[in-house]
Amino acid sequence: MSAEHLVITLDGPAGAGKSSVAKALASKLGISYLDTGAMYRALTVKALRLKMDLSDEEALTTLCRNTKLGFKEMPDGSLNITLDGEDVSVAIRSPEITNNTHYAAKTPGVRTLMVAWQRAMGQDRSIVTDGRDQGTVVFTDARYKFYVDADVEERVQRRYKELIAAGKKVDLDQLRTDMQDRDQKDFNRAVGPLKKAPDAITVDSTGLTVEGTVAKIMKLIQL
Ligand code: DC
């Protein structure tokens, strides 16, 4: 890793604003953004299309080993996830995928492969990466680690607004229950659980806009 090589990790629960913040931060710094949640989601798209039993960890690991995930650069500089060459950036955001990705996320063999792919992507370029285990497992020697959090009610409201803006029909109470359920699964899984790295800085995004959160992080990094 060269002295210029910069890795910034953003971990935290769903709806804390990580992905919007990571994307904006990467763009501001002129470096790549790695959306690791998109990778677990894309594998879930493939498994559900194949009507697989998602709780079969061996089958899911074999599927993952035989899957090619990639990121395609779009004209606006953002990266769309590809699954065996197909752009699945819209498919990965459906509620069905959101609610079923925890199977891939808790499968040890899948995590081992994902971790290796993520490290490879961060090996020769500067990145802002977001997920649950980026500072604790994947990039333990990252130059900057952040744990982005926000009040649960605000996280629910943000996700609600995102889904409404995308034209989806949403039941707020159901959304809250689903999000709390996913939080519990993220915190409690045996491999790669969501937790703050001891050397991560907590950034509370409650009441802040994306720009406000980026500004808070920019003040904490010295380049
Ligand atoms: O950040 P997200 O909502 O796109 O993540 C989708 C799912 O993948 C969520 O259940 C948590 C899981 N995930 C993970 O286990 N490890 C990561 N590095 C990123 C996401």
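The values are calculated or read from the model by the stated rules, or taken from the named source; none is laboratory data. Here the structure is a predicted model, which is why all the values come from computation and not from measurement. Note: ideal-geometry Cβ built from the backbone for every residue, glycine included; neighbour counts use all protein chains shown. The protein model used for the area step is the full one, side chains on, heavy atoms only, and it has no ligands, DNA or RNA in it. Shrake-Rupley method; radii C 1.70, N 1.55, O 1.52, S 1.80 Å.
Is it true that THR98 is part of a helix (DSSP H, G or I), out of contact with any Lys or Arg (no Cβ under 7 Å at 6 or more places or on another chain) and at pLDDT 95 or above?
Values: part of a helix (DSSP H, G or I): yes; out of contact with any Lys or Arg (no Cβ under 7 Å at 6 or more places or on another chain): yes; at pLDDT 95 or above: no.
Against the criterion (part of a helix (DSSP H, G or I), out of contact with any Lys or Arg (no Cβ under 7 Å at 6 or more places or on another chain) and at pLDDT 95 or above), THR98 does not qualify.
Can you work out which of the residues in the stretch 121-143 that are open to solvent by 50 Å² or more (accessible area, probe 1.4 Å) and more than 13 Å from the ligand (Cβ to nearest atom) is nearest to LEU175 (Cα to Cα)?
Residue satisfying both the conditions and the ranking: THR140.
Looking at the stretch 144-166, which of the residues that are in contact with a Ser or Thr (Cβ under 9 Å, 6 or more places away or on another chain) and in a loop (DSSP other than H, G, I, E, B) is surrounded by the most Cβ atoms within 10 Å (Cβ to Cβ)?
ALA150
Test LYS46 against the criterion of being open to solvent by 20 Å² or more (accessible area, probe 1.4 Å), basic (Lys, Arg) and within 15 Å of the ligand (Cβ to nearest atom), and give yes or no.
Values: open to solvent by 20 Å² or more (accessible area, probe 1.4 Å): yes; basic (Lys, Arg): yes; within 15 Å of the ligand (Cβ to nearest atom): yes.
The answer is yes for LYS46.
Is there a residue in the stretch 70-87 that is more than 10 Å from the ligand (Cβ to nearest atom), in a helix (DSSP H, G or I) and open to solvent by 20 Å² or more (accessible area, probe 1.4 Å)?
Taking every residue of the stretch 70-87 in turn, none turns out to be more than 10 Å from the ligand (Cβ to nearest atom), in a helix (DSSP H, G or I) and open to solvent by 20 Å² or more (accessible area, probe 1.4 Å).
I'd like to verify a number: residues in the stretch 109-139 that are part of a loop (DSSP other than H, G, I, E, B) and within 13 Å of LEU69 (Cα to Cα), how many? Explain how you work it out, then say what you get.
As a first pass, look at the stretch 109-139 and keep what is part of a loop (DSSP other than H, G, I, E, B): 122-126, 132-133, 139.
Applying the additional criterion that residues be within 13 Å of LEU69 (Cα to Cα) yields none.
So the answer is 0.
Give the residues of the stretch 3-43 that are within 10 Å of the ligand (Cβ to nearest atom) and not hydrophobic (A, V, I, L, M, F, W, C), sorted by residue number.
Once the filter is applied, which keeps residues that are within 10 Å of the ligand (Cβ to nearest atom) and not hydrophobic (A, V, I, L, M, F, W, C), the stretch 3-43 yields THR9, ASP11, GLY12, PRO13, GLY15, LYS18, SER19, ASP35, THR36, GLY37, TYR40, ARG41.
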